[in-house]
Amino acid sequence: MKNKRARLQLIKEIIRRNVVGSQEELAKFLALEKVVVTQATLSRDLKVLKTTKVATDGGGYMYIIPDANDLQDSMLKSGNAPLSGSSKVGFVSLEFSGNIAVIKTRNGYASGLAYDIDIAQSQEILGTIAGANTVFAVLREGVTHEQATKALSKFIPNPGEL
């Protein structure tokens, strides 16, 4: 397939409709669509699509594509992004332990949420680590839990609204 845009769209559709746990499996799905790619091209395509792997209930892994796009990314960087619908649906809880915010999400939502928090480059948050359903956000020295909650409210519902 010569058209990269069409190939990326096909990869997104395959990942959304199937449990794909490896590049080899993805290559087989693409081959069924008569699309042959090298492992290097596939790796680059997965990076462009900002895919991530999350654990499945069965003990394996699967690719997901976080709900993010270039417009939303630029809005997050400028601090003007509204709370997206997927964040509202995926958010479960927010608790603090010292200078760490522990954000619980539905399975598969944590990576996308962590990405959104990191790209916003908030002054209150140093960085995040995401699992399948949990995000650890490290607060900067001197940031109160209230300040962190306010900063995180761009991405998750205000706990007082739940």
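No value in this document is a laboratory result; all are computed from the given coordinates. Quick caveat, the model's predicted, so the values are computed rather than measured. Reconstructed Cβ throughout: ideal geometry from the backbone, glycine too, with neighbour counts over all protein chains shown.
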Subject >> Computed label-point distance, nm, for sites Arg5 and Ala31 using a 7 Å Cα→Cβ extension >> reply: 2.9
Original post:
Amide H to amide H, which residues 5 or more places from Ile125 or on other chains are under 5 Å from it, using H placed in the peptide plane?
Top reply: Arg140
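Among the listed pairs Lys28/Lys53; Lys12/Lys47; Lys50/Lys150; Lys4/Lys50; Lys47/Lys104, which are separated by more than 20 Å between their Cα atoms?
Working: Lys28/Lys53 18 Å; Lys12/Lys47 12 Å; Lys50/Lys150 27 Å; Lys4/Lys50 15 Å; Lys47/Lys104 25 Å.
Over 20 Å Cα-Cα: Lys50/Lys150; Lys47/Lys104.
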Subject >> Distant-in-sequence amide H partners of Phe96 (H built 1.01 Å from N, under 5 Å) >> reply: Val102
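Give me the extension gain from Thr144 to Arg44: residue separation times 0.36 nm, minus the current Cα-Cα distance, reported in nm with one decimal.
Full extension of this stretch gives 32.0 nm more.
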Original post:
Once the other residues with Cβ under 11 Å from the Cβ of Gln147 are scored (Lys, Arg +1; Asp, Glu -1), what is the net sum?
Top reply: 0
Original post:
Within the range 16-53, which GluC sites (Glu not before Pro) sit in a loop by DSSP and count at most 15 neighbouring Cβ atoms inside 10 Å?
Top reply: Glu33
